[in-house]
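Okay, so here's the structure we're looking at.
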Amino acid sequence: MQFGSILKKVRLNAELSQEELAEKMFLSRSAVSGLENDKLELKASDMIRWFQWVTWTRNVTWVNPSIAK
C-alpha cells in the first residue's frame, strides 16, 4: 500500500475534504491531491505534521471497513 492511499483513507475516515486536510497540514489542496495520487513525495517536515495531526485526532482509524472495499 502506498502512502497516498493511506492518506486518503485516513482523510475520508475523518470526514474531511482535501481542502480541510490541506488547511490542517498547512498545504495546498492540490498538494494533498498530489500526495493521495502518489504524484508528490511527502517532505519529512510535512510527514511530521501529518503524523502529529493523526496522533492528535485519536478517533481516526487507519482503515474504515466501509472505505477499504
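Taken together, the values in this text are just the output of simple stated rules run on the coordinates, not laboratory data. None of the values given here were measured: they were computed from a predicted structure. Neighbour counts run over all protein chains shown; Cβ positions are idealised from the backbone, glycine included.
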- prompt: Where q = 0.25 Å⁻¹, what log10 of I(q)/I(0) comes from the Debye formula for the stretch 3-59, counting one point per Cα?
  reply: -1.07
Cβ-defined net charge surrounding residue 36, 9 Å radius [Lys, Arg +1; Asp, Glu -1]: +2
